[in-house]
Every structure is written in C-alpha cells, then in structure tokens.
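To keep things clear, I will list the structure first and then write my remarks on it.
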C-alpha cells in the first residue's frame, strides 16, 4: 500500500446538548480539515473521545466519516478496547465501514507485558485483514510500547505504522532509525508542540488534536518541513504552541481529559466550526469565563479577529 | 436494604479451548462457592476477566449466574467500563438480569479527577435504580478513590458500599472510621492476604479472588473473626497466604494479569472444579511445569492429597 | 544480641529560630518518650529530618541522644545517605558514638536495582561492625526493598531487622512469615495507623512518628497487643488514627514533608514538649491557624485539656 | 554576565581500583574535552557520580578541575544535596574553589512541592553570591521543575539558566518561549539523542554525558546548528544515537545507573582516555563481554579503528 503521510488530525466528535453526536457539526469539522489540505483523518481516537461512545455510535461515526470524506483522503479508524477480541470486533466493523487502516493500543485496564502486547497485535492481524497502526499513548493505557515491540511488529509486517503520543522523542527517534530502511512503514507523532522536531527527525506524519482548531497551521508547518524551510517550520510551530495553551485554561477546575479536548471544542465553537462545546459524561464542558480566556488566545494567535 | 457482608468471591470465568465460556464448569464454580458457605458472589469483576468479554457474553454470564444461584445469596455484578454512559448501559442490563447491586470503578483510559469521579457515580445512580458499590482498584484504573470521594458518595446515598482493592489499608481504616455510624454502608476488602486485619478493623466483607480455589478457608477465617478468635483467624490467613503464592508461579513468563488469574484457574483445574485453565487473549495460560509447581503449593497447603 | 522490640519512636529534632538544634527541647523529647515507657529510640531518621542536617550536626544529635538516654533503652541511629561509602562513613561515626544499631535505606538519587541494593547492604556490613537494620521507605527512596531482598539479607546475617515504612502490609506479612523461624531477626512497622494489624501479624516493634506526640498511646497499644487484648488495641489505635489527622492540617499550603513532621512539631509545642515548631529549610513551619486546628485535634483526642 | 552556551559536558570521574579518584585520567578527560572544542565543563553532576563522593573528595575534584581548565572555559559545578542548607554548604565551597556557576536540583529524599522548590532556590541565592543553574532531573530527584517554577525563578533573577534532563521536550520548548526575551538566561538540554531538536528550538547549550566519549561529535553537531545546516546536524546526531547505545549494553545485568555511566567509562577506557572502568560502590563495573560489545559499537560509529 501507499505509505500514509502528512497531517492526519484526530477528529473531534461534536455533541448535541443531549450527548448524541451532532452530525451536521461533525460534517463541518471534516470539511474544515479537508479544506485546509489535511492528508488524512483519524477518527475514533482519544481526541474523538472514543471510549465515551458505545459500539453502535462508534459505527455510525465511522460510517458518517467515510461517507463525507468520500475517498478524498484515507480515513483511519481507532478500534480502541481493553482486550484483544473486543478490538477484533471493532476492527471487523471498521473494515466493513471502509476504514483504510485501524489504530490499536496495547491492552488496558488489565495488567500487561511487552510479550503480551506483541501477541495482542499478532492476534488482531491474524483475525482481520486490514492494515494495523500501533498507538502508543501511555498517559491513557499506562503501558509504553517498547522500542523493540514496535520494531518487531513493524519488521514482521504485523503493523504498518505507529502513532506515537508518548512524548518520548528520543525513543521515537530510535524507532525512526531502526525502521529507516522499511519503506512501507510510516511513523507519526501525536505531539502538537514539537512537530517540527519530529519532521526534522524523519517522521512521516503528524496527528495533532490541535489541528481541529487550526488545520491550516499544521499544513503550513508540514509544507515548510517538506521544502526544508526549518526556520518557517519553527515559527509556525511556535505560534501553534501559543495556541495549544487553550488545553490548560480549565485545568484548575476540570479533569485533564476534559480540559484538553474541552479546550479544542470550545475554540472550535468560537470559530464557528461546531455548535456546542458539550462534553461526554462525566467530563464537564468549559464555562463562559474559560471560553473567554480561550477566545483571547485565539485572537493573540491570529485565529479570531 | 440489608447490608451485604461476609465472604463474597469474585467469580472466575472458566473458558473452553475456543475461548467461549464453559458454563458447566462455571456452574461448578458457583456450587463450589455456595457449598462452602460463601455469603454472596461478585460476577463480572477483574478476577472474572470481565474486560475480555463483549456485551453479549457479559449478559449471558450474569443471567447464568443469577439462574444458578437462584436467590440463595446475593449476586453482585460488575458493570465495568471506561466511561459513564457505557457503565449505565451495562447497569441497566445487570438490573434486568437480577443483580442485587452493581460494582462501578472510576473512569479509566481517560484522564480523570476526583470531582469527575464523584459526578460519574452520581450520574449512574440517577440513571439506574440499583444499589451501587464503588470499586477501588488503582492497579487497573490508575486512579485511586480518595477517602473524601468515598465518604461523600456514601454519606449522600450514592453508593451503598466499597470494594477496596487498593492495598492501602490505612486509607481503608479511615473509610471505616468515617462511616462507622452509617449502618447501611458496607465496606469490603479485596485483599487475599490481610483479611484478618481488615475484619479486625471492622470490615463488613471480603472479596478474595483466591476464594475460588479455597472458599472453605475464607469462610473459616470469616467465622473465626465473627467469634473474635483472632488467633484462629491469623492461622487460617497465614495458610491462605502460602496458598496465594500460586499467583506468582508464572510471573517470570507471562504478564502479571495472566499469572494471577491464571494461577487460580490452574489450581481450580487441578482441584477438579473446572475443566481447563484457558485464558482469554492475549493472556497466556500457565504451562505444565507451572501447573506442577501450583500442585505442590496445593499439596503443602492441604488442598491436594 | 537481644532482639529489639516494642515502641521505638523516630525522634523529632526540635530547632531554634536560627535553625540550630534546640537541645534542651530535644532532651525533653527523649525524656517524654522514655518516661512513657518506650522501648528504644530511633534517631536521625526521616522524621528526625536527618537529610536536612550536615555531618557535624548529625554526630552531635547522636552523641547528645546517647548521653541523655544513657543506656536506659537502645539508641538506633539512621545513617541515611545516597550511596554506599557515604553510608559507611556515617556508620563509623554512629558506632563510635554508641549507637546500638544503624538504619540503612537503599541507595537513592542514583537509579538502582535489587541486586545492587543487596550489594549495598553487604558492603556496609563488611566495612562496619555494627548491626544493620534495613529501612524500606519508598516514598523517599523511590525504590522498594523486594521481599526476596529482605529475606536474603536477613537469612545470611547481613541485616538484623527491618523498619517497613512502605505501607505494603501484605508484603510485610510475607517477610514475617518467611523469617518466622529466625529468632534473631526483628521486623518493625513504620506505620502509625495500622499498628494493631502489624502486631497481630507478629511484628516485633513499631516506629511511629506520631509517638513523639503521644508515646503513652502507642505503649498502651503495644501492651494491649502483648496481652492479646485486640479490642483494646483497636480502640487505642482508632484514637491514634484521629490524632494522626494532624499530619494533613497544612497539606493544602505546604509540602507533604513539611505538613507531616510540621504537624508533629506543632502539636508537641502545644503540649509543652518543645519550644518551637521551626522547620529546616526549605520546609515551612505551620502557621497560627493551622496550629489552632491541630489544638482542636489534640483536645478531641484527649491530649489537651 | 556573558551567557553560557555551547557544548558543556558533564565530566565523568575516573576511579582507581581502590575507588579513589584517578586524577591523571581525570586530567586527560578534561584535556580531551577542551581539545575537542567544548565550550565549558560541568563537574560534579550526575554523570560525575557526585552523590558517591564525600565532601572532601567533591572539593578536591572541583579544585583539580579549576586548576587544569585554568580559565580556558567556564567550570560549572554541581552542588547536589537533598536539602537547602547542605546545598548552601557545597555552594560556598564551590565558589571558593573558583566555579563560574553552581548547578542545583530540587530537594530530594524529602517529599517536596513546587512552592518549596522555589523557596529552596531563593534561599540558596540569598546565601551564596554565585550564579545558580537549575537542574531538572526527575529520574533522580523524583520531582519535576514545573514550567512556572523555572520561569518564575529565571525572571526574578534567582537562576541564570536551566539544565533540562527531564526528557520533556515540549515543556522545554515552553521554557524557551517564555524566556525568549530574557537575554541573560540560558537554557541547556541534558539530552544526548535529540540535541539537534533542542538547538533547533533555540537551546543555548547542551550537556551530554556521551560527550565524554565523543566530544568532537557534539562540537560538530553544535557547529552545524550554528550555521543552520540542519541536515548535517541530524546526520551527526544520528551517528551519536548509535553510539549512545553503549548505555544499554549492560542493562540486563547491572542497574540503570551503572549501565549508563559504566558504558561511558568502559568506552573511554577502550579509547585510551582513562585507565579503568571502575564504578563507585554499589555500582558494578561492566565486564569483559560487555566491554567487547561496546568496542563493537565504537567501531561501527567510527571511534575505534
């Protein structure tokens, strides 16, 4: 297959006040991303608040996404679940719905190990004929994908890529070096704030939650890196770092999870992309004062007039 | 309602070689527990490997349990899921299936906070009319239920009890002291190895996974504590501590999760209670050498001739 | 040697306003403890704020302690340092000053391992002819003494005992079981709040910081346990648990370290045992409002009229 | 003062077989570093194994370093200790010995907080008239310097710089952005493997332990970055990443601390820079097989013929 690459945002899932998915807003999010030149979309990831949705809603979100995207870019789908066979169940649905690849974490809730994680990916690969992307997100999973786990799975063909949201850029660099000669493997960073670094090290793509708010910024950053203009890349990245401060606006009042995605949703509401900043329970939405502080950040970073 | 109490084992879920639930073995587990005098059963908990089963299987397990137990003791059901509305979905199923109460953890996978955890329990209580038991298991959930979270929820009537698998006996003691005058609240330890201590501090029950292997031992321990014979309680507990070493037999080869429940299953197979020691994927079952080491422990603790 | 046993408080180090040791107050602390019937004293431990004092002051504190105690009970001395040869240096000073035994943690600051910890204790034993007590305090050292580390060192004669401040009562029980037949080994808990449990499991002693405030309470608890009156032991322990809440009075304002020992010092000042509640830098002392809250706890637990 | 900058290696402390400092080898290390063009040296840091040395040896090492360096570059000295007044003691010695600045961590062993850390630095600044550099090394200290702690201390003039060994490059970037207009503040990364990234983000210097083995490599990397040749910087960095694998050669046998610095020493011995690879107790030195594996890495990265 063609290697995935570029800016692949994890798509925020807008909600109605009754906590159902707001599909008209969702459609606008997708068009906003594609209109800015994003190279793919990652639906049903952590930023999508996938674990707050039941199986039926997950399927609907994915089917809606595939329909709206309509082949313009690849749709990669998270199939997150705590254990192997439940992941396989989601992966079959994702394949049927038209996902180009599925994104799989290590097992969670259960106490696991690296050999068990390797088995987990192999069982899934054996069960469903769809490309697998490994998702390293220890802040949620509480297990890190070891360098040797990633390289073993990649070299043997079990996974075609990695989304690294671990924040361990040194380890990510070793994955890039170890797999440099495997042209079919792509390695993406989940960072919002050191994307220029990741691209400079050779990363093939970036999956920034903040791209829901400012996809143009990340596409400009990507384009600058592609042409080797690292000064421009850094300048764009630094502006995006200032924008990223929206994720901490509510941190003294709500949970870390609610503050981050809640900051994205609140900004997207201010920008007219989505209708509400409703969060799935038990997450609380940001309040008016927090929204005002987010607007100030949007203005200072050039997104709001 | 009558306060729950006594020995309430978290029921192991035996599997067939094809990973489906082995219901004939499951029935034997339940009869083994009730025949030994256990005061309740906790199905679909961590020891039951609940997160390895899909919604349909969870429902079948619970319905089967309720049918077999047939009112002899209360059936408490785990409704574990990462987020509020998914827990509510499970809880509705559990209520319909006849569970006496449901057991709920803090949110997991998502990054949470104590206020959010409190909201989580309140939302569930509002949505489903069934008694809630809080389940504190930070080794899986990666958040600890704070003392103030438990006492707030208990005093306001949101939860009727606690299963404390945190290993923090000092904190558990404070919960017992804080709620001593709330006669309707019951507090159970999830420990296998300091149960005499927990009962001496005033715990109302115990939920030991090891009781699947030796329910008579835990009932004797409970009875000794009830009559104030702490020397006998300690002696029984110390024998059970030696038995508990089965959970570490495979720890150098398989994951911590697989080694623990796998040790229980392997012992239960040796004792003729269940037919296989099959583990759900990606957990590996214990091998023949490990099984032999477990048999040696069963013999030295008087369970195998 | 005779096995150590009983209530062995870690002695608080009172300070003058200029941060020098207030020896008249220090003498009163020792007399307060011995007058209450404590069976030994542990100086230069974490509660003594040993790491805040330089080598010269450490030596003076120990020499003063030995002089005042004057053989009435054993004086056990902490020789805490990050690495082996520095510990050996302290241990030689402690031996010369008349300590009955020295208390040694795992290496800290440096990233260590269980085999390295075992070597650490062996090197110290080889270098200094004084009994060694292992000190398990992962909240400070950030490494836990594994069960096998403790039993290996005890069985081979490298250590004569353990002070377990890990809060892991299950693991402590296994140490008690593993070493039950080694009559020369003593195992003490560092807990303040589950001492009855530790004694019920067979612990030989207790090292509670809170005994600086209420040594009579811990001696009563010890005596009740010795005569097997577990109901009286529990009642005394529960009162002490209420008293222990002084350690959290200042937790929202100062660090955890300052709040705990600072609570002890502030209570001891209110009780007239020491002159100031001065804390070594950078720890802040408790303020007047916090002191008033501590006095309320002292009154409600019967220590202040 | 002139801002510090460039490649400032943390100097390895070579030992004789009797664990005393091997000063002839030490001198060769310094000449090796200065001969390669390093812009400063950092003595008595974690790589120097400072916490393994007593006060007298620390002083000797520093005095020897100042004498040998003889003003050719600045000598920055670690004054690591667990608490404020002990750090002040070391800092006075360091000032007297001619250190250009002293490097200070947060308190360790004791449980601390960000406000207490801020006080810690302020007390030291008040007590000793020498520039302070904050050292963020949570793997040893077990507390992270928060972004706001660093910026507060820098903006008010308490610290003149930061050595960031936290591995959190996103947080480091925010420190760079927050302090961009403070021309007298310098921010250095402690990383060995993402130095090109740190320099691309605007870091003023780098403190790589691996520069003891290959200072020319880091100077070439620095020079490439200064002229904006990021392709050359990346290529050099990638070679150094391969060289850095020496730190894991012994990781299955010795502790993490011993494996890392032990790998440096063993490589330096192979390169003829120092005479032994002796490690301070309880660290074990690398053995012959491990040394052979290190030599292979030295050959494959061009350092050994």
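Read-outs: derived from the displayed coordinates by stated rules, not from any lab. Computed from a prediction, not measured in an experiment: that's the story for all the values here. Backbone-built Cβ (ideal geometry, glycine too); neighbour counts: all protein chains shown.
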Distance (nanometres) between label positions extended 7 Å along Cα→Cβ at residue B:276 and residue D:56: 7.0 nm
Spacing of the two label points (7 Å from each Cα toward its C-beta) at residue C:227 and residue B:114, in nm: 4.0 nm
Shortest-first nm distances, residue A:115 label point to equivalent points in other copies (7 Å, Cα→Cβ): 1.9, 4.6, 5.0
Pair residue A:126, residue D:235: separation of 7 Å Cα→Cβ label points (nm): 4.5 nm
Rounded if a/c under 1.5, otherwise prolate or oblate - the stretch B:121-184, Cα gyration tensor axes: oblate
Ascending list, in nanometres, of distances separating the residue C:16 label from those of the other copies (7 Å, Cα toward Cβ): 4.2, 7.6, 8.3
Cα-based Rg and Dmax for the stretch D:201-305, where Dmax is the largest Cα-Cα distance (Å): 14.5, 44
At q = 0.12, 0.13 Å⁻¹, base-10 log of I(q)/I(0) for the stretch B:6-230 (Debye sum, equal scatterers on each alpha carbon): -0.60, -0.71
Computed log₁₀ I(q)/I(0) - Debye formula, equal Cα scatterers, no solvent, the stretch A:1-109, q 0.11, 0.20 Å⁻¹: -0.31, -1.04
Computed log₁₀ I(q)/I(0) - Debye formula, equal Cα scatterers, no solvent, the stretch D:164-229, q 0.12, 0.22, 0.24 Å⁻¹: -0.28, -0.91, -1.05
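Tell me what chain C gives for mean residue ellipticity at 222 nm when only DSSP H runs of n ≥ 4 count, each as -39,500 (n - 2.57), the sum divided by the residue total, rounded to 500 deg cm²/dmol.
So the helix-based figure for chain C works out to -14000 deg cm²/dmol.
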Estimated D of the protein assembly as shown in µm² per second, where Rh is the Kirkwood radius over Cα pairs and Stokes-Einstein applies at 10 °C, 1.306 mPa s: 49 µm²/s
Sorted largest first, extent of the stretch A:114-257 alpha carbons per principal axis (Å): 42, 42, 27
C from B by rotation - nearest chain B beta carbon to the axis, in Å: B:197, 2
Net lengthening on full extension, residue C:18/residue C:92 (0.36 nm per residue, minus Cα-Cα): 23.7 nm
Estimated FRET transfer efficiency (residue A:181, residue B:296; beta-carbon r; R0 56 Å; 0.05): 0.65
Cα centroid separation - the stretch A:191-249 against the stretch D:221-281, whole Å: 30 Å
Separation between Cα centres of the stretch A:42-67 and the stretch B:83-136, rounded to whole Å: 22 Å
For the stretch C:147-197, convex hull of alpha carbons as volume per residue, Å³: 72 Å³
For residue D:54, label point 7 Å along C-beta direction: distances to other copies, nm: 1.5, 6.9, 7.1
Computed over the stretch A:6-230: relative contact order in percent, which uses C-alpha pairs under 8 Å that are six or more apart: 20 percent
Cα-derived Rg to Rh of the stretch C:61-173, Kirkwood definition: 0.97
